[in-house]
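Below: one structure, written as C-alpha cells.
Just so it is clear, none of the values below were taken in a lab; they were calculated from the coordinates. Just so it is clear, the structure is predicted and the values come from calculations on it, not from any experiment. All Cβ positions, glycine included, derive from the backbone under ideal geometry; neighbour counts span all protein chains shown.
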Amino acid sequence: MRTASVTRNTLETQITVTINLDGHGCSHFDTGVPFLDHMMDQIARHGLIDLDIVAKGDLHIDAHHTVEDIGITLGQAFAKAIGDKKGIRRYGHAYVPLDEALSRVVIDLSGRPGLVYNVDYTRASIGQFDVDLFSEFFHGFVNHSMVTLHIDNLRGVNSHHQAETIFKAFGRALRMACEVDERMGGATPSTKGTLTA
C-alpha cells in the first residue's frame, strides 16, 4: 500500500496529513475551513484516495496560511506515498461537469513542479471562502509533490460549481496518473529512467 503521514509545524499552522493512494475514498477532515474540507472530500472520493487532514491555523487572521500550508503538506505526503513511481501511468486527465460548469485537469507526475491555472471565478468568495486561496493551495501542492498540473475551468456561472468541478477533476486525474500499468512491468515511465527531477 502506498501510504504516508506527514506533520508540518510552523508558527502559523500545525498540520498532519495521512494519505493512502490505494484506498477507497475514505476521508476525515478537521481544518477549520469548511469549504476547503468539502473540496478535499472531492479529491478523496473521486480519486479513491484515503485522506485524513487535521489542521490548526491562524484563522483569526484569515484562511490564507492554513489553505496554502495544507497544499504544501498534502504535496509532501503525496510525494512520500508515490515513491519511485515505477510502473505507474504517470499521466492523468479528466473532464468533469456539474450542471453549467465544466473543468479539465491534466497532471504529469514528472518530478518537476509546474502549475498552469486558468480559472476565472464569477465571484470573489464562496460563502466565507476567498477563491484566490485555491491557487495558493495548488501552488503549494505542486511545489512539494513535484508534479506538473494544468487546471482549466472551461465554463461556469456558479462559482461553487466551478470549484467543485476543478477538485473532482483533480481527484480523477490524480487517480489515473497513480494507477499501476501492468504493461509497464515495473519500469519507470520515462526515457530518462527516473522521475525524481
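Just add up the charged neighbours of residue 52: K/R +1, D/E -1, any other residue whose Cβ is under 12 Å from the Cβ of residue 52.
Details: positive: none; negative: 30, 37, 41, 50.
Local net charge: -4.
For the chain, build the charge dipole from Cβ charges (+1 Lys, Arg; -1 Asp, Glu) around the Cα centre, then report which of 82, 158, 116 sits farthest towards its positive end.
82
From the list (i) 53, 37, 31; (ii) 48, 39, 28; (iii) 42, 40, 35, can you say which value of Cα extents along the principal axes in Å was derived from the structure given?
Identified label for the calculated read-out: (ii).
Classify the range 125-172 as rounded, prolate or oblate, taking a ≥ b ≥ c as the square roots of the eigenvalues of its Cα gyration tensor: rounded when a/c is under 1.5, otherwise prolate if a/b is larger than b/c and oblate if not. It would help to have the intermediate numbers written out before the result.
Values: a/c = 2.48, a/b = 1.45, b/c = 1.71.
Here the range 125-172 falls in the oblate category.
Per-residue ellipticity at 222 nm for the chain, helices alone: DSSP H runs ≥ 4 residues times -39500 (n - 2.57), over residue total, nearest 500 deg cm²/dmol?
Details: 4 runs with 67 residues, N = 197.
Counting only the DSSP helices, I get -11500 deg cm²/dmol.
Local charge sum around residue 161 (other residues, Cβ-Cβ under 14 Å, Lys/Arg +1, Asp/Glu -1)? Intermediate values should be presented prior to the final figure.
Numbers: positive: 123, 155, 168; negative: 99, 100, 120, 164.
For residues surrounding residue 161, the net value is -1.
Applying 1/(1 + (r/R0)^6) with R0 = 45 Å to the Cβ-Cβ distance of residue 196 and residue 123, what FRET efficiency is obtained, to the nearest 0.05?
Working: r = 40 Å, r/R0 = 0.89.
After rounding to 0.05, the efficiency reads 0.65.
Please state the shape class of the range 45-129: rounded when a/c is under 1.5, otherwise prolate if a/b exceeds b/c and oblate if not, all from the C-alpha gyration tensor. Before the final figure, lay out each step's value.
Working: a/c = 1.99, a/b = 1.20, b/c = 1.66.
Judged from the Cα gyration tensor, the range 45-129 comes out oblate (a/c at least 1.5, b/c at or above a/b).
Distance between Cα centroids, the range 114-132 to the range 25-47: provide it in whole Å.
Value for the Cα centre distance between the two parts: 17 Å.
Could you check the simple spin-label distance between residue 99 and residue 54, using points 7 Å along Cα→Cβ, in nm with one decimal?
Simple spin-label model gives 3.6 nm for this pair.
Once you charge only the Cβ atoms, +1 for Lys and Arg and -1 for Asp and Glu, what is the size of the charge dipole of the range 3-184 about its Cα centre, to the nearest 20 debye?
Working: 16 positive and 24 negative charges, 145 e Å.
It comes to approximately 700 debye.
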